[in-house]
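J.: Before we start, here is the structure in question, set down as structure tokens.
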Amino acid sequence: MPENPVLSESGDSADSADSAASGESARKLPKTFEPGSFEERWYSVWESAGRFQPTGAPGSPRFVMVIPPPNVTGKLHIGHAYGRTIEDILARWKRMLGVRVLWVPGTDHAGIATQMVLERQLAKQGIDRRELGREKFIERVWAWKREAKDTIQAQMKRLGCSLDWTRERFTMDPDLSRAVRHVFVKLYEEGLIYRGRYVVNWCPRCETAVSDLEVIHRETDGSLYKIRYDVAGVADGATVATTRPETMLGDTALAIHPDDPRTTRLTGRTATLPIVGRQIPIIQDAILVNREFGTGVVKVTPAHDANDFATGQRHDLPAVVVIGGNGRMTAQAGEYAGLDRFEARKQIVARLTADGRLTSEPYRNSVGHCQRCDTVIEPYLSEQWFVKIAPLAEPAIRAVEEGTIKFVPESWTKTYFEWMRNIHDWCISRQLWWGHRIPAFTCPNGHVTVSEEDPSACPDCGGAPLVQDTDVLDTWFSSQLWPFSVFGWPERTPDFLDFYPTDVLVTGYDILFFWVARMIMAGLHFTGQAPFSTVHLHGLVRIGGEKMSKTKGNVIDPLEAIAEFGADAVRFTLASAASSGATVSVERGRMAGSRNFATKLWNAARFTLSSLEGHSVPADLEGRALSLPDRWILSRLSGAARNVNRHLNEFRFDEAAGAIYSFVWHELCDAYLEMVKPVLSGREGTDEARESARGVLSRCLLDSLALLHPFMPFLTEEIWDKATGRSGTLIVSPFPTGEALHNDPDAEHVIESVRALITRVRNYRGERGVSPTEPVELWVAPGSPDPELAARIRAVTPLLQHLGRIPELRFEVPPASAFRDVVAGLSIGLRVKEAASESGGARVEKVLAEIEQEYEGLSAKMRNSSFVDKAPAAIVEKTRRRLLELEERRAALSGGRS
RNA sequence: GGGGGGUUAGCUCAGCGGUAGAGCGCCUGCUUUACACGCAGGUGGUCGCAGGUUCGAUCCCUGCACCCCCCACCA
């Protein structure tokens, strides 16, 4: 034990071996609170002491989380800080509760997103990635990745995240890449991965396929064009409606509904494709054509529309690709070849209009945009790899139905089911360079081999060399394995055996489908176990009710916020803002509020430590005679501790933060500290009372620090260090759970009554417009609800006199000349010698009016026999008591008014 | 087209069967020797609108209005 700690903690379990006892270096807290002066120091103390690594025997109770790996695209924003704060609160709380905690850090290569960042960077230097070549480009991405990872890591350390950095992973680490390859091969062998030519969502700017989820649909004002096609033998031809007229160049049929009388005359005929002149059949298709919609005739463009593609399959139609992967018209588009698709649209519309074949009307429809670059998505016929998802979805649905996995808040369950039950196959190939290369190899004879090891020759024909597929996998293909790939799976490593499955997954609801659902499917399919038992889906951070955006200038950079308010304040703000809703509103004002709270705690600690320094402080309070305020604050403390634990169990970080906040500020600081000042200073009470108060104060401070530690780790550790001398051990000290032992309703009743009396005395002064120091006479007489109360309060007379500045306090029936009222059921009288005014009168009138109104309402209730008969007896009784109270108060106030 | 969420004090949000809470703001006082990033007191709400259920509704149900989000092969 280092010398001169101000306090020794009670019930310790923390080892002190590594206490960095700094000798005589100030055990006192500096007068001003400067978070920047100690935050980073504590982080390295914890980290170097191995506090973030799980300790204890494998098999003993543990709590495991994996971080949602941030993209290595840049730096973290306040939304990341929010999610990580929640996780760190859980990690620190569980650690202090004595379970082995492991929280695994890492980053995601984020294929398309990162590639785009690099492409933009290159573009600034006037370089196109194609000039650079695949290998050189990827080298550059790796360099970028290393830098981004360091930035992200530093940010999370600044925030205080107790992540086990010895286990940090990256989705493209060799072992994680092996897991990806293993999974691909396995699914391929199981027939759950297939390759084929289909119409997929294609981004012409990124020049890659994307999945359905990566397409953002937005309502857009456009036009609905009607184009007339000539049909031999039908005078007015056939008119089709389309929003994408440029695709008509690729039409290979028109379709009608077999039972639509409007189009019967077109049955079996042939139409002439305008501009192109191609003869195309008019087919009947009840699936594609809606009898109720439009003109009843649909153009069929198998290469540029998923529905049309399916129709083409049904009717064996050719597919003509007229828009290329780069968004420009192909040679098949004839005279339009080389034009951008939108320019082609313009020209074709002009041409058809001139020909008298086209009319248009304003039309609003939903247009798909690339999630990453916002380019309009083009349905595009191409060769891609897909995961057959239904067989994987089924067990994943069951796991949630059966409660193996539960969502918090529970309301997400329905959304999850909704999506899972309507799930489509997943396009996993991306025409990118950055990512996991698809392990498929083609021999000169066209045989495809998919295997975990690179084959040297074709297993079918012995042909060589083999050429690997140039595509990479969707980034989520590797992220879905994260909860087990981080532990070295598919090897059965000690970490995998010890820490999988994990316990809680915390993430934003925006990646429920992208990530959470796929982890559940992959986890169940490959490990046979749900990857986690609880998914906490939190809301997305908004700044002052508005979506964060750079153009609005309301972005909060976590590091800037930390520099301004301190990491603890930022964390506390985020935790307090957490709610079960879809948005989490953060405001600068709340950051300042949290900073103020940190300062408050700092000053309370300064006061406490200076009051205790040099005195004996009993660590054990059992068997000691405690004053009413002592008993009261211990009771409130244990209540606060119980509430904090309860709320954390329910993922209500806002409520948990609120519980400890109001205890520390409004009960410990505003009330208890003020109550014990005269005792501590020696002006009141016995030596024994003084010693007890010191013990209680010490307990309150240490327990408050512990309760707050998950929320404000740095500040609490700093104070703890000064208070106990046990450097850096709060992080592993026991978390208060709130022993029922200290639950003391009786003390609470008396002290709350005293506080109510004091408040009444103070606002009486306010009403009279006299100074807060003006002496007041107070009479207190027993009231009806608790005849003992006056006597109980009499026992703490000095307390009441001190706090209320009441030189003359009499436990007698107040004289008629005094101002009369009823407070906490006690009949009281007040008198001030020198009232500056009688302005209290108006207020009394107002109060009386309020009382009258409430009285009327309640007595009407009591007169209502069905209320008295049907309402629970306790409610009726409560109402009756309240009426009595109102009556007494009304009598007192109107009697004392003269 | 389907689904979900929201509408509570000037602002940002909690609460969700027994006539409303927090933080910030605002008003009035305070060098009450831990803290002005403070202390004390106070102001402020027909809990979106209309019905219904109930002894009783901000809270449950129905409808409406406005807002937000998600899903969807809306030619």
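J.: When both residues are 6+ apart or on different chains and their Cβ atoms are under 7 Å apart, which pairs have a first residue that lies in the stretch A:317-336 and is farther than 30 Å from A:GLN284 by Cα, and a second that is of a type in the set (Ser, Thr, Tyr) and surrounded by 18 or more Cβ atoms within 10 Å (Cβ to Cβ)?
T.: Partner pairs satisfying both residue conditions: A:GLY325/A:TYR380.
J.: Same structure, new question: Only one residue in A:ARG244, A:ARG265 is over 21 Å from A:ARG314 (Cβ atoms), within 10 Å of RNA strand B (Cβ to nearest atom) and either touching a Gly at 6+ places or on another chain (Cβ under 8 Å) or at pLDDT 90 or above (or both), so which one is that?
T.: One residue alone meets the criteria, A:ARG244.
J.: Residues that are in contact (Cβ under 8 Å) with a residue 12 or more places away in the chain and crowded, with 18+ Cβ neighbours inside 10 Å: which helices (runs of 4 or more DSSP H) entirely in the stretch A:125-243 hold 3 or more of them?
T.: A:134-159, A:174-189
J.: Considering only residues that are of a type in the set (Lys, Arg) and either surrounded by fewer than 19 Cβ atoms within 10 Å (Cβ to Cβ) or more than 7 Å from RNA strand B (Cβ to nearest atom) (or both), which ones fall in the stretch A:288-312?
T.: A:ARG291
J.: With respect to A:THR724, determine if the residue is surrounded by fewer than 22 Cβ atoms within 10 Å (Cβ to Cβ) and among the hydroxyl-bearing types (Ser, Thr, Tyr).
T.: For A:THR724, the condition - surrounded by fewer than 22 Cβ atoms within 10 Å (Cβ to Cβ) and among the hydroxyl-bearing types (Ser, Thr, Tyr) - is not met.
J.: Would you tally the residues in the stretch A:31-56 being surrounded by 14 or more Cβ atoms within 10 Å (Cβ to Cβ) and assigned to a loop (DSSP other than H, G, I, E, B)?
T.: 7
J.: Do we have any residue at all in the stretch A:651-663 that's under 41 Å from the mean Cα position of the chain (by Cα) and among the hydroxyl-bearing types (Ser, Thr, Tyr)?
T.: Initial filter on the stretch A:651-663 (under 41 Å from the mean Cα position of the chain (by Cα)): A:651-663.
Those left that are additionally among the hydroxyl-bearing types (Ser, Thr, Tyr): A:661-662.
Scanning the stretch A:651-663 turns up at least one residue that is under 41 Å from the mean Cα position of the chain (by Cα) and among the hydroxyl-bearing types (Ser, Thr, Tyr).
J.: Another one. Has the stretch A:368-376 got at least one residue that is in contact with a Pro (Cβ under 7 Å, 6 or more places away or on another chain) and either under 30 Å from A:ASN649 (Cα atoms) or in contact (Cβ under 8 Å) with a residue 40 or more places away in the chain (or both)?
T.: Yes - at least one qualifying residue is present in the stretch A:368-376.
J.: Being of a type in the set (D, E, K, R) and near RNA strand B (Cβ under 8 Å from one of its atoms) is the filter here, so list the residues in the stretch A:407-422 that pass it.
T.: Hits for the stretch A:407-422 are A:LYS414, A:GLU418.
J.: Looking at this structure, is A:ASP285 out of contact with any Phe, Trp or Tyr (no Cβ under 8 Å at 6 or more places or on another chain), among the acidic types (Asp, Glu) and within 16 Å of RNA strand B (Cβ to nearest atom)? Full working, then the answer.
T.: Details: out of contact with any Phe, Trp or Tyr (no Cβ under 8 Å at 6 or more places or on another chain): yes; among the acidic types (Asp, Glu): yes; within 16 Å of RNA strand B (Cβ to nearest atom): yes.
So A:ASP285 fits the description; yes.
J.: What do you reckon, is A:ASP260 acidic (Asp, Glu) and over 17 Å from A:ALA306 (Cα atoms)?
T.: It is true that A:ASP260 is acidic (Asp, Glu) and over 17 Å from A:ALA306 (Cα atoms).
J.: Can you pull out the helices (runs of 4 or more DSSP H) entirely within the stretch A:443-508 that have at least 3 residues that are more than 22 Å from A:ALA91 (Cβ to Cβ), touching a His at 6+ places or on another chain (Cβ under 8 Å) and touching a residue at least 60 places away in the same chain (Cβ under 8 Å)?
T.: Passing ranges, in order: A:475-479.
J.: Here's another thing I want to ask about it. Looking at the stretch A:585-633 only, could you name the residues that are hydrophobic (A, V, I, L, M, F, W, C) and over 33 Å from the mean Cα position of the chain (by Cα)?
T.: Those that are hydrophobic (A, V, I, L, M, F, W, C) and over 33 Å from the mean Cα position of the chain (by Cα): A:PHE607, A:LEU609, A:LEU612, A:VAL617, A:ALA619, A:LEU621, A:ALA625, A:LEU626, A:LEU628, A:TRP632, A:ILE633.
J.: Same structure, new question: Quick one: in the stretch A:755-786, which of the residues that are surrounded by 20 or more Cβ atoms within 10 Å (Cβ to Cβ) and modelled with pLDDT under 85 is farthest from RNA strand B (Cβ to nearest atom)?
T.: A:GLY783
J.: Among what's in the stretch A:787-804 and is without any contact (Cβ under 8 Å) to a residue 40 or more places away in the chain and touching a strand residue (DSSP E or B) at 6+ places or on another chain (Cβ under 7 Å), pick the residue that is surrounded by the most Cβ atoms within 10 Å (Cβ to Cβ).
T.: Per the stated criteria, the residue is A:ALA790.
J.: Test each condition in (1) within 13 Å of RNA strand B (Cβ to nearest atom); (2) free of Cβ contacts under 8 Å to residues at least 40 places away in the same chain for A:VAL541 and report the one that comes out false.
T.: (2)
J.: What about A:VAL99, is it within 30 Å of A:ALA657 (Cβ to Cβ) and touching an Asp or Glu at 6+ places or on another chain (Cβ under 9 Å)?
T.: So A:VAL99 does not fit the description; no.
J.: Please indicate, with yes or no, whether at least one residue in the stretch A:259-269 is within 23 Å of A:TRP476 (Cβ to Cβ) and not aliphatic (A, V, I, L, M).
T.: no
J.: Mind checking which residues of the stretch A:659-690 are modelled with pLDDT under 95, more than 11 Å from RNA strand B (Cβ to nearest atom) and among the hydrophobic types (A, V, I, L, M, F, W, C)?
T.: A:VAL679, A:ALA689
J.: On the basis of being among the acidic types (Asp, Glu) and under 30 Å from A:GLU560 (Cβ atoms), does A:GLU587 make the cut?
T.: Spelling it out, A:GLU587 is indeed among the acidic types (Asp, Glu) and under 30 Å from A:GLU560 (Cβ atoms).
J.: Out of the residues in the stretch A:345-375 meeting the condition of being away from RNA strand B (no atom under 16 Å from the Cβ) and of a type in the set (A, V, I, L, M), tell me which one is nearest to A:LEU118 (Cα to Cα). Walk me through how you get there before you give the answer.
T.: Our first condition is that a residue be away from RNA strand B (no atom under 16 Å from the Cβ); within the stretch A:345-375, this holds for A:346-347, A:350-351, A:353-356, A:373, A:375.
So of that shortlist, the ones also of a type in the set (A, V, I, L, M) come out as A:350, A:354.
Numbers: A:ALA350: 39, A:ALA354: 45 Å.
Filtering first and then ranking leaves A:ALA350.
J.: A further question on this structure: Which of the helices (runs of 4 or more DSSP H) found entirely inside the stretch A:777-865 contain at least 2 residues meeting this: hydroxyl-bearing (Ser, Thr, Tyr)? Give the steps one after another, and end with the answer.
T.: Values: elements: A:789-794, A:797-804, A:840-863.
Helices (runs of 4 or more DSSP H) meeting the threshold: A:840-863.
J.: Could you please give the count of residues in the stretch A:182-202 that are of a type outside the set (Gly, Ala, Ser), more than 16 Å from RNA strand B (Cβ to nearest atom) and within 16 Å of A:ALA303 (Cα to Cα)?
T.: So the answer is 1.
J.: Does the stretch A:504-520 hold any residues that are aliphatic (A, V, I, L, M) and within 16 Å of RNA strand B (Cβ to nearest atom), and which are they? Step through it out loud before you land on a result.
T.: We begin by selecting, within the stretch A:504-520, every residue aliphatic (A, V, I, L, M); these are A:504-506, A:511-512, A:516-517, A:519-520.
Matches in the stretch A:504-520: A:ILE511, A:LEU512, A:VAL516, A:ALA517.
J.: Looking only at the stretch A:325-372, filter to residues that are assigned to a loop (DSSP other than H, G, I, E, B) and surrounded by 15 or more Cβ atoms within 10 Å (Cβ to Cβ); which one of those is farthest from the chain's Cα centre (by Cα)? Outline the logic, then answer.
T.: Within the stretch A:325-372, the subset assigned to a loop (DSSP other than H, G, I, E, B) is A:325-327, A:330, A:337-339, A:355-357, A:371-372.
Now narrow it down to the ones that are surrounded by 15 or more Cβ atoms within 10 Å (Cβ to Cβ): A:325, A:327, A:330, A:337, A:339, A:357, A:371-372.
Numbers: A:GLY325: 38, A:GLY327: 38, A:THR330: 46, A:ALA337: 49, A:LEU339: 45, A:ARG357: 54, A:GLN371: 21, A:ARG372: 22 Å.
Filtering first and then ranking leaves A:ARG357.
The values are calculated or read from the model by the stated rules, or taken from the named source; none is laboratory data. Note that this is a predicted model, so its numbers are computed, not measured. Note that each Cβ is placed from the backbone with ideal geometry, even for glycine, and that neighbours are counted across all protein chains shown.
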